[in-house]
Amino acid sequence: MPDDAHELTLYVQSKRAVTSFFRPGPSSSPESVLAGVSPSSPATGDAVVDQTVLFLSDDQARCQALVEETAVQRGYRLRVIDIERVGRIERLVAEHLRGVQKFPVLISPLGRRLEGVEAFTEDELAAIMPADLKSVRAFSYLKVRGGDLDKIKRLLETLAEVKELHFLTGDWDILVVLDFQPTTANKRRVLDFVTERIRGIPEVIDTSTIIPEYSLTKFPL
């Protein structure tokens, strides 16, 4: 995947609020504080100042935190832009924000975008940031003798490498999804596991295993 395909932009929109707070005037001194002058009761020379501040809503802050966490996990770089802190002209000509109604907005390298806090879920973020699988994934088709499928299911479930079971109709009876750590697995070891552990189950009479050369996932890691 090209390097620039791992870069995303998150646009947030902070809110403006006017806050009044106590600010000691130039005549204040450490001695006046030690003498018991309360900051909440301005004395002579003290000032109450109105100042506009920007803050991010909790909903948008949560979305930003979720995107940052997901980007780190999946090897993406993230740029965060607060549109309230950039010039008005820059905001109006920003192509990615045309037609946007709700913030935050996440723009993928291919132009796909998530808009509004409701769209920021783990599944949606995983889909917008496809990631290379770090483990070795394999898929085994099983043919089994007729009998107690619940028993076969329980036996397969006891194997830690078995991550999914799919019961089929047709030439094969079960599709098993296997997962191995890359430090302990290669094609030979995967096939050794299938022939020794899975084919070791008496009810399994045949197997056929597919080991991909490369795997990418849109599922959450």
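Assorted remarks:
- Matching residues in segment 157-194 - criterion: being more than 18 Å from residue 215 (Cβ to Cβ), outside any loop (DSSP other than H, G, I, E, B) and not charged (D, E, K, R): 165, 167, 174
- Scanning segment 55-71 for residues that are exposed (fewer than 15 other Cβ atoms within 10 Å of the Cβ) and either touching a strand residue (DSSP E or B) at 6+ places or on another chain (Cβ under 8 Å) or of a type in the set (Lys, Arg) (or both) yields 55, 62, 68.
- Scanning segment 98-114 for residues that are closer than 21 Å to residue 55 by Cβ and touching a Lys or Arg at 6+ places or on another chain (Cβ under 7 Å) yields 105, 106.
- There is no residue in segment 25-37 that is under 30 Å from residue 118 (Cα atoms) and modelled with pLDDT of 55 or more.
Conditions tested, residue by residue: (1) in contact with a Ser or Thr (Cβ under 7 Å, 6 or more places away or on another chain); (2) assigned by TED's automatic domain parsing to the domain that holds residue 77; (3) more than 17 Å from residue 201 (Cα to Cα); (4) surrounded by 18 or more Cβ atoms within 10 Å (Cβ to Cβ).
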residue: 123; (1), (2), (3), (4): no, yes, yes, no
residue: 141; (1), (2), (3), (4): yes, no, no, yes
residue: 148; (1), (2), (3), (4): no, no, no, no
residue: 165; (1), (2), (3), (4): no, no, no, no
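- Exactly one residue out of 197, 154 is surrounded by 10 or more Cβ atoms within 10 Å (Cβ to Cβ), more than 34 Å from the chain's Cα centre (by Cα) and part of a helix (DSSP H, G or I): that is 197.
- Residues that are modelled with pLDDT under 70 and in contact with a helix residue (DSSP H, G or I) (Cβ under 6 Å, 6 or more places away or on another chain), drawn from segment 46-101: 91
The values are calculated or read from the model by the stated rules, or taken from the named source; none is laboratory data. Worth saying up front: this structure is predicted, and the values here are computed from it rather than measured. Every residue, glycine among them, receives a Cβ derived from its backbone with ideal geometry; neighbour counts consider all protein chains shown.
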